[in-house]
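Notes to accompany the following structure.
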Amino acid sequence: MKRAEQRERTRAELLEVSRRLFATSGYAAVGIAEIVREAGVTKGALYHHFAGGKTDLFRAVLAQVQDEVAASVAATADAEADPWTRLTSGCRAFLAASTDPAVRRIMLVDGPAVLGWSEWRAMDETGSASHLADALAELVDAGILLLQPVPPLARLLSGAMNEAALWLAETDEPAALDAVLAPLSRMLEAQRAEPRRAPAGA
């Protein structure tokens, strides 16, 4: 096996093992010794790929999880032709993905705690939050949503959905996803513009 292939294989193994451990035990409970033992590599190999140690490794795992969730949301939304349905379908896809306990632990609980709110938010804005902002901007431009600045609206909705995702991951309530989607739908509907009237004589 070529060195480049071996390096990539080692990195992938470290990511796979640490992701599993972070998801099941949480960042704080996982040590570097456990990671390298499970991955079958040396500490030197870990620091070669992740110079900042466990924190850098977690950052890479978080990016991986965020990318997967964002891809799922985008694929679901892009399958819809109607822009309003794209928004609502994307919101539902995000909440559904976040019900996965591993996603919740890594992306919503440990992410901001380990990296700090600012860095976590910056990473989030390149993924699902970016897709949300794009969808809202499209709706505002089309006159479907009330004319308003998109960034604060995107922040409000993103924050609401992150909190909803945390609740979904913790509750045993039947039909919990539908219970969250109902008030979310009302929030979105409140931002809709009045139907445009045809000009007189048209």
If you go through E80, E38, E5, the only one that is within 24 Å of G127 (Cβ to Cβ) and either acidic (D, E) or more than 25 Å from the chain's Cα centre (by Cα) (or both) is E80
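Within the stretch 13-33, can you find the residues that are over 12 Å from L57 (Cβ atoms) and assigned to a helix (DSSP H, G or I)?
R20, A23, T24, S25, A28, A29, A33
Of all residues being of a type in the set (A, V, I, L, M, F, W, C) and under 19 Å from V65 (Cα atoms) in the stretch 1-18, which is surrounded by the fewest Cβ atoms within 10 Å (Cβ to Cβ)? Just the residue, please. Break it down into steps so the answer makes sense when it comes.
Narrowing the stretch 1-18 to residues of a type in the set (A, V, I, L, M, F, W, C): 1, 4, 12, 14-15, 17.
Now restrict to residues that are under 19 Å from V65 (Cα atoms): 12, 14-15, 17.
Working: A12: 12, L14: 23, L15: 18, V17: 21.
Filtering first and then ranking leaves A12.
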Query raised in the report: Hey, does the stretch 43-61 have a residue that's assigned to a helix (DSSP H, G or I), buried (at least 20 other Cβ atoms within 10 Å of the Cβ) and more than 22 Å from the chain's Cα centre (by Cα)?
Result: yes
Among (1) at pLDDT 90 or above; (2) farther than 25 Å from H49 by Cβ; (3) crowded, with 16+ Cβ neighbours inside 10 Å, Q66 falls short only on (2)
Among residues of the stretch 98-151 being open to solvent by less than 30 Å² (accessible area, probe 1.4 Å) and among the polar types (S, T, N, Q), the residue modelled with the lowest pLDDT is S128
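Every residue, every condition in (1) part of a helix (DSSP H, G or I); (2) over 19 Å from L153 (Cα atoms); (3) small (G, A, S), yes or no:
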{"site": "E80", "(1), (2), (3)": "no, yes, no"}
{"site": "L87", "(1), (2), (3)": "yes, no, no"}
{"site": "C91", "(1), (2), (3)": "yes, no, no"}
{"site": "L95", "(1), (2), (3)": "yes, no, no"}
{"site": "L108", "(1), (2), (3)": "yes, yes, no"}
{"site": "A113", "(1), (2), (3)": "yes, yes, yes"}
{"site": "E119", "(1), (2), (3)": "yes, yes, no"}
{"site": "A129", "(1), (2), (3)": "yes, no, yes"}
{"site": "L132", "(1), (2), (3)": "yes, no, no"}
Note: among E125, E138, just one is of a type in the set (D, E, K, R) and within 19 Å of A79 (Cβ to Cβ), namely E138
### Message
Residues that are touching an Asp or Glu at 6+ places or on another chain (Cβ under 7 Å), open to solvent by less than 70 Å² (accessible area, probe 1.4 Å) and polar (S, T, N, Q): does the stretch 22-41 have at least one?
### Response
no
Given (1) open to solvent by 30 Å² or more (accessible area, probe 1.4 Å); (2) under 16 Å from the mean Cα position of the chain (by Cα); (3) polar (S, T, N, Q), S158 misses just (1)
Filtering the stretch 152-192 down to residues that are of a type outside the set (S, T, N, Q), assigned to a loop (DSSP other than H, G, I, E, B) and at pLDDT 90 or above yields A190
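The values are calculated or read from the model by the stated rules, or taken from the named source; none is laboratory data. Just so we're clear, the structure is a prediction, and the values are computed from it rather than from any experiment. Counting neighbours? That spans all protein chains shown, and the Cβs are built from the backbone with ideal geometry, glycine included. Quick note on the areas: whole protein, heavy atoms, side chains included, nothing else; ligands and nucleic acids left out. Shrake-Rupley method; radii C 1.70, N 1.55, O 1.52, S 1.80 Å.
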